[in-house]
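Please read the structure below before turning to the comments.
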Amino acid sequence: MIEMENVVKNFKSRERNPGILSSVSSLFFPKYRIHKAVDEVSFQIREGELVGYIGQNGAGKSTTIKLLTGILTPDSGKILVGGLNPSRERKKNAYQIGAVFGQRTQLWWDLPVIESFLLIRSIYKISDTMYKENLEHFIEILDMKDILKTPARKLSLGQRMKADLAATLLHNPKVLFLDEPTIGLDILVKEKVREFIKFINQKNKVTILLTTHDVGDIEALASRILLLDSGHIQFDGEIESFHSILDDGHNLNELEKKDLSMVIKALYRQKAKS
């Protein structure tokens, strides 16, 4: 369903040195620094899998998501999502994927939630039957009845995340990319969101790639983990490997078990032993 093979994505930034002469010189003889955001990344995700994609800030996770959604084009390598090349067949790809970013919204800021849903229905040409069935289903599961007539700008973070999840899934995407879907949510809303993600994965067989810094998200949802560091895949294993790291045998206390950076270090230690 998702395939990346030897994918490379570089970003070029201009080097700037202090001083007037250096500034003037850089105008005529600019020097650039190459940053490898994604470096020879390869992995495959099967249909219906829910995979946790973890790593420190700057590891290349967001770049990977942008490559898979077609926002960015790789410098080299092969990418397929549902058999499509995301950057070359971006419009077709858009109909088979959904994406939720915890810090952003796809809802129209000043419109009531239900009006945003209707606009999305029109954009994706969703049939009356599918729209009605999905909407009723999401309203019930996510408890959204009371927010449908509320403008997006007046929603709490938890309410907005529920509405964004529903909006993303109205067109029945085969693949869902989730970037920090529970960030900033209180415990009760976080559990509701996790239950919903698990439900659509199991019932609708939606393939999900989940990026998160919340260890609880990984434990509750993922069946497999990919660890990205400095643009490289450093670990690819089943959730059992992750669970084994969280037991007492790896010398992590209760606080450290909730700290993704500590868990990542433990993953490295396990990799070094294997």
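Might you check whether a residue that is farther than 21 Å from Pro173 by Cα and modelled with pLDDT under 95 occurs anywhere in region 123-140?
Checking region 123-140: not a single residue is farther than 21 Å from Pro173 by Cα and modelled with pLDDT under 95.
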Subject >> Criterion (touching a strand residue (DSSP E or B) at 6+ places or on another chain (Cβ under 7 Å), without any contact (Cβ under 8 Å) to a residue 40 or more places away in the chain and not β-branched (Val, Ile, Thr)) met by exactly one of Lys66, Lys92 >> reply: Lys92
**OP:** Give the residue that is nearest to Met4 (Cα to Cα), with candidates limited to residues of region 201-220 that are out of contact with any Leu (no Cβ under 6 Å at 6 or more places or on another chain) and part of a helix (DSSP H, G or I).
**Re:** Ile218
**OP:** Output yes when any residue across region 132-145 is over 30 Å from Gly52 (Cα atoms), touching a helix residue (DSSP H, G or I) at 6+ places or on another chain (Cβ under 9 Å) and either in contact (Cβ under 8 Å) with a residue 24 or more places away in the chain or not in a strand (DSSP E or B) (or both), and no when none is.
**Re:** yes
Original post:
In region 169-184, which residue that is surrounded by fewer than 19 Cβ atoms within 10 Å (Cβ to Cβ) and at negative phi is nearest to the chain's Cα centre (by Cα)?
Top reply: Ile183
Original post:
Which of the residues that make up region 189-226 are under 19 Å from Ile139 (Cβ atoms) and either β-branched (Val, Ile, Thr) or touching a Phe, Trp or Tyr at 6+ places or on another chain (Cβ under 7 Å) (or both)?
Top reply: Val189, Val193, Ile197, Ile200, Val206
**OP:** Determine whether region 24-32 contains at least one residue that is loosely packed, with under 12 Cβ neighbours inside 10 Å, of a type in the set (Lys, Arg), modelled with pLDDT under 95 and not in a strand (DSSP E or B).
**Re:** yes
**OP:** Kindly indicate which of Thr168, Thr182 is touching a residue at least 60 places away in the same chain (Cβ under 8 Å) and closer than 13 Å to Leu221 by Cα.
**Re:** Thr182
Original post:
Are any residues in region 224-244 closer than 17 Å to Leu210 by Cβ and among the small types (Gly, Ala, Ser), and if so, which ones?
Top reply: Gly237, Ser241
**OP:** Go through (1) in contact with a helix residue (DSSP H, G or I) (Cβ under 6 Å, 6 or more places away or on another chain); (2) under 21 Å from Gln96 (Cα atoms); (3) not β-branched (Val, Ile, Thr) one by one and return the number of the condition Asn201 breaks.
**Re:** (1)
**OP:** Take region 185-200 and flag every residue that is touching a Leu at 6+ places or on another chain (Cβ under 9 Å), free of Cβ contacts under 8 Å to residues at least 40 places away in the same chain, crowded, with 18+ Cβ neighbours inside 10 Å and not β-branched (Val, Ile, Thr).
**Re:** Leu185, Arg194
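The values are calculated or read from the model by the stated rules, or taken from the named source; none is laboratory data. Values in this document were obtained by computation on a predicted structure and should not be read as measured data. A quick note on method: Cβ atoms are made from the backbone with ideal geometry, for glycine too, and the neighbour counts reach across all protein chains shown.
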